[in-house]
Amino acid sequence: METVNLGQNGPLVSAFGLGCMGMSDFYGPADRAESIATIHAAIDAGVTMLDTGDFYGVGQNEMLIAEALKTRKRDDVFIAVKFGALRDPAGGFIGVDLRPVAVKNSLAYTLQRLGTDYVDLYMPARLTPEVPLEDTVGAMAEMVNAGFVRQIGLSEVGAGSLRRAHAVHPIAALQIEYSLISRGIETEILPTARELGVAITAYGVLSRGLISGHWSQARQEATRDFRAILPRFQGENLAANLRLVEALTGIAAEKGATPAQIAIAWVMAQGAAMAATIVPLIGARNRTRLMESLGAAEVTLGTDDLARIEQAIPPNAAKGSRYPDYQMAMLDSERR
């Protein structure tokens, strides 16, 4: 497994990260034993970054990671945690709290659930207009100085917010959606991150399975999870988006790869082309999907390959936004 620096002069992390969200939330029931086995398999394959959020499963995801790491050395993994989202007992989302006192309170509970003395990367999941970004980052910086946090990150913020935060304390990484069909960061956010020496940890590289080659209309009808509310998975949008995947499947077959591997390799290629550090987060919930995704490292996309992929799936080709309108309105990264 190759390694990259997370941020300018930042720590070395694996070229891929493991997104653990689906092991506890959002994608329906998961097999806990298989989830732990998947985390172990990822570590054995050289993956060091484990990405979670304190609101994934309302703390369950952090406890799952803690259980998985009981037989592993803490310093062999890099744990990234998002915080700030508030949930009620029924699992509904009820707001965002980024007050400095809440930053420290959330971190205290995270450390207890993870069974660790520090978090490698700590980042607010969303911004909120009620609390100045500088205050939130300032509180996170205090936790760095106290030794409870190693690096500060952000999630789904625009270029202007990234600059403001970076002026308070160096930002190691920006977690944001980036894939063949979600390319909004390329115009302003990615160049700003590159200028500031901020790495991108890219989630949704397979658009929540939509462009993996494993999704279908039949599966859509059988699945009951949060994808049912996402515009890209609905009606005519889904049919149009699956046609894009058909084109990607043909290219993958010629390369002796799967559509998922091509999609992930494309994200990696963009990092090289743009002289930016981009770490794809693989959202695998089982070892089979994990190993398929890690196989993207063996896929080489030449200039002609990239041109064909661009022709098959040009920018803005996807039908539907990546979240419903009310959630899109919450994204600082989408504000123009």
Residues located in segment 2-29, provided they are touching a strand residue (DSSP E or B) at 6+ places or on another chain (Cβ under 8 Å), surrounded by 15 or more Cβ atoms within 10 Å (Cβ to Cβ) and part of a loop (DSSP other than H, G, I, E, B):
LEU6, GLY7, GLY10, PRO11, ALA15, PHE16, CYS20
Looking for something more than 15 Å from MET291 (Cβ to Cβ), free of Cβ contacts under 8 Å to residues at least 24 places away in the same chain, over 17 Å from the mean Cα position of the chain (by Cα) and outside any strand (DSSP E or B) - is there at least one such residue anywhere in segment 43-58?
no
Which members of segment 73-113 meet the condition of being over 23 Å from the mean Cα position of the chain (by Cα) and assigned to a loop (DSSP other than H, G, I, E, B)?
LYS73, ASP88, PRO89, ALA90, ARG99
Counting only residues that are assigned to a helix (DSSP H, G or I) and farther than 13 Å from PRO100 by Cα, which one in segment 133-148 is most open to solvent (accessible area, probe 1.4 Å)?
ASN145
Which one of these is under 27 Å from LEU50 (Cα atoms), aliphatic (A, V, I, L, M) and touching a Leu at 6+ places or on another chain (Cβ under 6 Å): ALA296, ALA272, ALA263, ALA228?
ALA263
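Is it the case, given these coordinates, that THR110 is farther than 27 Å from ASP135 by Cα and in contact with a strand residue (DSSP E or B) (Cβ under 7 Å, 6 or more places away or on another chain)?
no
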Filtering segment 312-330 down to residues that are modelled with pLDDT of 90 or more and aliphatic (A, V, I, L, M), which residue is nearest to GLY92 (Cα to Cα)?
ALA318
Could you grab me the full set of residues in segment 205-216 that are within 18 Å of LEU18 (Cβ to Cβ) and either among the acidic types (Asp, Glu) or surrounded by 22 or more Cβ atoms within 10 Å (Cβ to Cβ) (or both)?
VAL205, LEU206, SER207, ARG208, SER212
Given LEU121, LEU154, LEU174, which one is open to solvent by less than 10 Å² (accessible area, probe 1.4 Å), in contact with a strand residue (DSSP E or B) (Cβ under 9 Å, 6 or more places away or on another chain), in a strand (DSSP E or B) and touching a residue at least 60 places away in the same chain (Cβ under 8 Å)?
LEU121
Would segment 47-65 turn up any residue that is modelled with pLDDT of 95 or more, open to solvent by 20 Å² or more (accessible area, probe 1.4 Å) and farther than 25 Å from ILE176 by Cβ?
yes
Just the residues that are open to solvent by 50 Å² or more (accessible area, probe 1.4 Å) and closer than 14 Å to SER179 by Cβ, please, taken from segment 275-313.
GLY283, GLU310
In this structure, does PHE233 turn out to be closer than 30 Å to ILE36 by Cα, modelled with pLDDT under 95 and buried (at least 21 other Cβ atoms within 10 Å of the Cβ)?
yes
Output the number of the condition that ARG164 fails; it satisfies all remaining conditions of (1) open to solvent by 10 Å² or more (accessible area, probe 1.4 Å); (2) under 17 Å from LEU281 (Cβ atoms); (3) among the charged types (D, E, K, R).
(2)
Count of residues meeting criterion [acidic (Asp, Glu) and in a helix (DSSP H, G or I)] in segment 30-42
1
With the condition being in contact with a Pro (Cβ under 9 Å, 6 or more places away or on another chain), I'd like the helices (runs of 4 or more DSSP H) fully within segment 226-336 carrying at least 2 qualifying residues.
235-255, 259-273
Report the residue count in segment 65-85 for those that are within 13 Å of ASP54 (Cα to Cα) and in contact with a helix residue (DSSP H, G or I) (Cβ under 9 Å, 6 or more places away or on another chain).
6
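Yes/no per residue for (1) at pLDDT below 95; (2) surrounded by 15 or more Cβ atoms within 10 Å (Cβ to Cβ):
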residue: ILE36; (1), (2): no, yes
residue: ALA41; (1), (2): no, yes
residue: ALA45; (1), (2): no, yes
residue: ASP75; (1), (2): yes, no
residue: GLY91; (1), (2): yes, no
residue: GLY115; (1), (2): no, no
Is there a residue in segment 159-169 that is more than 17 Å from SER333 (Cα to Cα), touching a strand residue (DSSP E or B) at 6+ places or on another chain (Cβ under 7 Å) and part of a loop (DSSP other than H, G, I, E, B)?
yes
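The values are calculated or read from the model by the stated rules, or taken from the named source; none is laboratory data. Just so you know, these numbers come straight off a predicted model, no measurement behind them. Neighbour counts are summed over all protein chains in view; Cβ atoms, including those assigned to glycine, are modelled from backbone coordinates with ideal geometry. Accessible surface is based on the protein model in full, side chains and every heavy atom, while ligands, DNA and RNA are left aside. Shrake-Rupley method; radii C 1.70, N 1.55, O 1.52, S 1.80 Å.
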